[in-house]
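A short reminder: the numbers here are calculations on the coordinates, not readings from a lab. Since the structure is predicted, the reported quantities are computational estimates derived from the model, not experimental observations. Note that we place each Cβ from the backbone using ideal geometry, even for glycine, and neighbour counts take in every protein chain shown.
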Amino acid sequence: MQKILLAVDRLSTWLGQLFAWAIILLTFGVSWEVFSRYVLGNPHGWMLDVQIMLYGILFMMAGAYTLSKNGHVRGDVLYGFFRPRTQATLDLILYILFFLPGVVALTYAGWTFFTDSVAIREQTFNADPIPVYPFKFFISFAGAVLLLQGLVEIARCVICIRDGEWPSREQDVEEVDVDKLKAMVHADDSKGLAAAPAERGGGPL
């Protein structure tokens, strides 16, 4: 079971890292459009639509990645004081009541939007129209990946309720551990203080 959970974590991580490159595309796209518009005098009507679509894809594909890292915002004021079993029980209830209905609805509606868009060959409304249906495909795709990661998190809740501790998860980017950072600073200070008397003792008074 743990191998399956970590495999889904790795999939969400890989997809998140892959679509993070959309930031680079956005940066170059905006920079080129500014140069083309104000220097070359050749603006492109479709560029704004591309920027919006890329940002939307980046935002949607970050959902499963963030969930796999347990990085979504939660009210930790009381949650952090609870035992793991209590945390897992609360998470499980909230996943069932809110997460599953919402994400299933998002995935289903996104697929409906996509198929309808393909059927009418939907395009943007400007002088240089571009297709909309590739972007709408990512609504259902991101929803499906998020749903898969959510099922993994539900499984983790069940395991934690059974075992009394949270199972491990795939690691990627770690936040700075403040306690470790303080320990490192204090260690450096102690070395400096130990060396300082020796340096002072070697010179004239």
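A few points about this structure:
- Phi angles across region 123-129 convert, under the Karplus curve 6.51 cos²θ - 1.76 cosθ + 1.60 with θ = phi - 60°, into 3J(HN,Hα) values of 10, 6, 9, 7, 5, 10, x Hz, Gly and Pro given as x.
- Charge dipole (region 2-176, unit charges on Cβ, about Cα centre) - positive-most of M53, V132, T86: T86
- FRET efficiency, 1/(1 + (r/R0)^6) with R0 41 Å, evaluated for D116 and F35 via beta carbons: 0.65
- Surface/4 estimate of mean projected area, convex hull on alpha-carbon atoms of region 2-176, nm²: 12.8
- Put simply, the amide H of Q123, placed in the peptide plane, has neighbours under 5 Å in V132, leaving out anything fewer than 5 places away on its chain.
- Note on region 3-61 and region 144-158: Cα centroid distance 26 Å, given to the nearest whole angstrom.
- Residues V77, V132, sorted so that the one with the fewest Cβ neighbours within 10 Å comes first: V77, V132
- Averaged over residues, the count of other Cβ atoms within 10 Å places the peptides 135-146, 29-40, 86-97 in the sequence 135-146, 86-97, 29-40, highest first.
- Cα pair distances of region 3-103 binned at 10 Å [whole percent]: 13, 29, 26, 17, 11, 5, 0
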